[in-house]
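Participant: Following this message is one structure expressed as structure tokens.
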Amino acid sequence: GYIQLIINEMLPKIAGEGLADYLDVFCEKVAFSVEETERLIEAGARYGLKAKIHTNQFNCMGGIEVSVKHGAVSVDHLEVVNDAEIECLRHSNTIATLLPSAPFFLNDHYPPARKIIDADIAVALATDYNPGSSPSGKVPFVLSLACVKMKMLPEEAINAATINGACALELERECGSIAAGKRANFILTRPVPSLAFLPYAFGSDWIERVFINGK
């Protein structure tokens, strides 16, 4: 079947040619089951590919637990999450990556960011840029949704989109904040009255310049 094709043919080729940094599985009723997800995580680990799991977009079905069990770097989506799953995450190093553009586009409910953050779980933000459920790569819009729809503070949202996002890629020693020894990846904004203005002024083009590696 398809799982065996991935395990026996795709993963060896992908790992052998260095085509991926992580293994990403969509654990949902419409995609891979918990058992299939676990098989893929274990297979990826044999090839040195750590797991980043998309789960809990529509259902609570054990995706978070199996991800934490195998030390996944992050679990992404979490539009639906119960107390037991939050407790499971709280006792792990797995980062909760929230993708508010997806429920915006699908007109669905948003992740309970406030509840997750208040449980002392590290939260990252990302766009989930894809043609099916989030056809936008605009990080500023994600910041706005995080604050307006998920009740995150501006400081929390910016932290989640920068240093915590870098942590979710295990790149926190290289980027994610402005610090000595890190890559000079940063933006300059037009004059704004406060930090809160960035998510407040949704749709506004407040970015003046973008620097990648200092250029």
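The values are calculated or read from the model by the stated rules, or taken from the named source; none is laboratory data. This structure is a prediction, so every number in the text was calculated from the model and none was measured. Heads up, the Cβs are rebuilt from the backbone with ideal geometry, glycines too, and the neighbour counts pull from every protein chain shown.
Participant: Considering (1) farther than 20 Å from Asp21 by Cα; (2) in contact (Cβ under 8 Å) with a residue 60 or more places away in the chain, say which one Gly214 fails and leave the rest.
Facilitator: So Gly214 meets the others, but not (2).
Participant: What are the pairs with Cβ atoms under 6 angstrom where one residue, in segment 118-143, is at positive phi and the other, located anywhere, is buried (at least 17 other Cβ atoms within 10 Å of the Cβ) and part of a loop (DSSP other than H, G, I, E, B)? Sequence gap at least six, or different chains.
Facilitator: So the pair list comes out as Asp128/Leu99.
Participant: Go through segment 190-206 and count every residue that is in contact with a Ser or Thr (Cβ under 7 Å, 6 or more places away or on another chain) and in contact (Cβ under 8 Å) with a residue 60 or more places away in the chain.
Facilitator: Going through segment 190-206 one residue at a time, the tally reaches 2.
Participant: Under the condition of being surrounded by fewer than 23 Cβ atoms within 10 Å (Cβ to Cβ) and closer than 16 Å to Tyr110 by Cα, which residue from segment 50-80 is nearest to the chain's Cα centre (by Cα)?
Facilitator: Ranking the qualifying residues of segment 50-80, first place goes to Glu79.
Participant: Name the single residue, out of those in segment 90-118 being surrounded by fewer than 22 Cβ atoms within 10 Å (Cβ to Cβ) and among the hydroxyl-bearing types (Ser, Thr, Tyr), that is nearest to Val142 (Cα to Cα).
Facilitator: Tyr110
Participant: Filter segment 47-86 for residues that are among the aliphatic types (A, V, I, L, M), touching a Phe, Trp or Tyr at 6+ places or on another chain (Cβ under 8 Å) and in a loop (DSSP other than H, G, I, E, B) and give the result.
Facilitator: The answer is Leu49, Val73, Val80.
Okay, residues lined up against (1) hydrophobic (A, V, I, L, M, F, W, C); (2) in contact (Cβ under 8 Å) with a residue 40 or more places away in the chain:
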{"residue": "Cys27", "(1), (2)": "yes, yes"}
{"residue": "Ile41", "(1), (2)": "yes, no"}
{"residue": "Arg46", "(1), (2)": "no, no"}
{"residue": "Leu78", "(1), (2)": "yes, no"}
{"residue": "Asp83", "(1), (2)": "no, no"}
{"residue": "His91", "(1), (2)": "no, no"}
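Participant: Next up: Sort through Ala72, Ala43, Ala31 and tell me the only one that's closer than 24 Å to Gly132 by Cα and of a type in the set (A, V, I, L, M).
Facilitator: Exactly one of Ala72, Ala43, Ala31 is closer than 24 Å to Gly132 by Cα and of a type in the set (A, V, I, L, M), namely Ala31.
Participant: What are the residue pairs meeting all of these: first residue in segment 58-69, first residue on the phi > 0 side of the Ramachandran plot, second residue surrounded by fewer than 21 Cβ atoms within 10 Å (Cβ to Cβ) and at pLDDT 95 or above, Cβ atoms under 8 Å, and 6 or more apart or on different chains?
Facilitator: Pairs found: Gly62/Val34.
Participant: Could you pull out every one of the helices (runs of 4 or more DSSP H) wholly within segment 137-215 that has 1 or more residues that are closer than 21 Å to Ile116 by Cα, modelled with pLDDT of 95 or more and in contact with a helix residue (DSSP H, G or I) (Cβ under 6 Å, 6 or more places away or on another chain)?
Facilitator: Output list reads 139-148, 154-161, 197-200.
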